[in-house]
Amino acid sequence: MTEPTDPARSPRFAQIATFARLPHTTDLEGVGSAFVGIPWDDATSFRSGAREGPSAIRNHSRLLRTYHLFQKVYPFRVLETVDFGDIDPVPGFLDDTFRRIEDGMRPLFAAGVVPFVGGGDHSITLPILRAQKAATGRPVRLLHFDAHYDTWDTYWGGKKYTHGTWVRRAYEEGLIEKGGVFQVGIRSSLYSAEDVENNARYVDRTFTTEDLDSLGPEGVASALVRAIGDGPTYVSVDIDTLDPAFAPGTGTPEPGGLSTRELIRVLRPLRALDVVGFDVVEVAPQYDHTGQVTALAAATVLYEGLSALARHRSERRA
Ligand code: MN
Ligand code: MN
């Protein structure tokens, strides 16, 4: 059984931090889903610090409890969740790090284990998607929450791999399905008007914060569920999709974003989707003047993702 350490036996603030106080193991026997930390931030374009994301997420996930009130499910039990530990990056060396991420993630996808990743800057999603494709042979649909497009071509004179280019690279490499790429929460200022057309070449529908205002979180969620359907789907949540009031601990904050509650309202109906991987990235706790609210939001978003998938699996079994 992959149960969190019982807080009635051991207080929440005691023991080594694992995600949700789940057992730490790299043995995938009998495992259905796994938290994986990827502490890497060398591909950021502004403020670094997301290398400290995974440990902060683990620390603040101590508060998560076993039963989800609204999805009516025990996510860790249904999905047999463990903490897989971290993938070691090579600080300063992007190619080596990407190779380690791809090699480290491939066995999980090959075993049908659904990874729930805590980042790390957003560049990590590219090698995760490479691992997914290498293990299964097929691309995935992509649901991308962010303040930013992340479909830019290069930075700093032709550098192709940064946290702002991964969606375009994933598309070019055939890792994500044409017709199956969706964005939510977009609002940042742009480098030029052409960015809008360029983004539309890679993304099938972009729900900006204005679209969220007009459709409401449930309207956006039902449009996503209709458009994505039942194909294998990867969900990537850049924590900067949240307003800096709710997630100040991030490298490129953009005012005017979602509240944590609005994001949860979009995530809950995603119980209809077949999620094969999920990440929460860009958590840089050192910019969080509260010390904890960003990492707690990230842990909660991961819990919502786990619970939505657990509900999906429970319904399919029934
Ligand atoms: Mn972003
Ligand atoms: Mn991003």
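What follows draws every value from the coordinates through simple rules; no lab data is involved. In this text, all values refer to a predicted model and were calculated from it rather than measured experimentally. Every residue, glycine as well, gets a Cβ built from its backbone with ideal geometry; the counts of neighbours run over all protein chains shown.
Which residue fluctuates most in the GNM of the chain (Cα springs below 10 Å): G49, G112, G251? Result for the chain, Cα springs under 10 Å: G112 fluctuates most. Based on a Kirkwood Rh over C-alpha pairs, give the Stokes-Einstein translational diffusion coefficient of the range 164-263 at 25 °C and viscosity 0.890 mPa s in µm²/s. Rounded to a whole number, D works out at 168 µm²/s. Look at the Cα gyration tensor of the range 184-317: its axes a ≥ b ≥ c give a/c of at least 1.5 with a/b at or below b/c, and that counts as oblate.
Of all beta bridges DSSP finds with both residues in the chain, what is the antiparallel percent, to the nearest 5?
On the way: 2 of 38 bridges.
Around 5 percent of the beta bridges assigned by DSSP in the chain are antiparallel ones.
How far is the Cα center of the range 212-268 from the Cα center of the range 84-113, in Å? Rounded to whole Å, the Cα centres lie 26 Å apart. Remark on S259: its backbone amide H falls under 5 Å from those of D243, a criterion applied only to residues 5 or more positions apart or on other chains, H modelled at 1.01 Å from N.
Helix-only estimate, please: 222 nm mean residue ellipticity of the chain, summing -39500 (n - 2.57) across DSSP H runs of length 4 or more and dividing by its residues, to the nearest 500.
Helices in the chain give a 222 nm mean residue ellipticity of -11000 deg cm²/dmol.
Full extension of the segment from Y67 to E218, taken as 0.36 nm per residue of separation minus the current Cα-Cα distance, would add 52.1 nm. The D195 and D27 beta-carbon pair, evaluated with R₀ = 41 Å, returns a calculated FRET efficiency of approximately 0.35. Between T290 and R261, the FRET efficiency estimated from the beta carbon spacing at R0 = 25 angstrom works out to 0.90. Net charge of the neighbourhood of Y74, taken over other residues with C-beta under 15 Å away and scored Lys/Arg +1, Asp/Glu -1, is +3. Close Lys pairs in the chain (alpha-carbon distance under 27 Å; sequence gap of 8 or more, or different chains): 5.
Annotation: the residues D96, D86, D240, sorted from fewest to most other C-beta atoms within 10 Å of their own C-beta, follow the order D96, D86, D240. Is the chain rounded, prolate or oblate when judged by the Cα gyration tensor, a ≥ b ≥ c being the square roots of its eigenvalues, rounded requiring a/c under 1.5 and prolate requiring a/b larger than b/c? Taking the square roots of the gyration eigenvalues as a ≥ b ≥ c, the chain is rounded. Each residue of the range 30-35 was assigned a 3J(HN,Hα) from its phi angle through the Karplus expression (A = 6.51, B = -1.76, C = 1.60, θ = phi - 60°), giving x, 9, x, 8, 8, 6 Hz with x at Gly and Pro. Straightening the chain between A14 and T154 buys 45.9 nm, computed as 0.36 nm per residue apart minus the Cα-Cα spacing. When the range 1-158 is described by a simple charge dipole with +1 on each Lys and Arg Cβ and -1 on each Asp and Glu Cβ, the residue from G85, T154, T97 located farthest towards its positive end is G85. In a DSSP loop and with at most 13 other Cβ atoms within 10 Å, the chymotrypsin sites (Phe, Trp or Tyr not before Pro) in the range 114-171 are W156.
Rg then Dmax, both in Å and based on the Cα atoms of the range 1-131: 15.3, 45.
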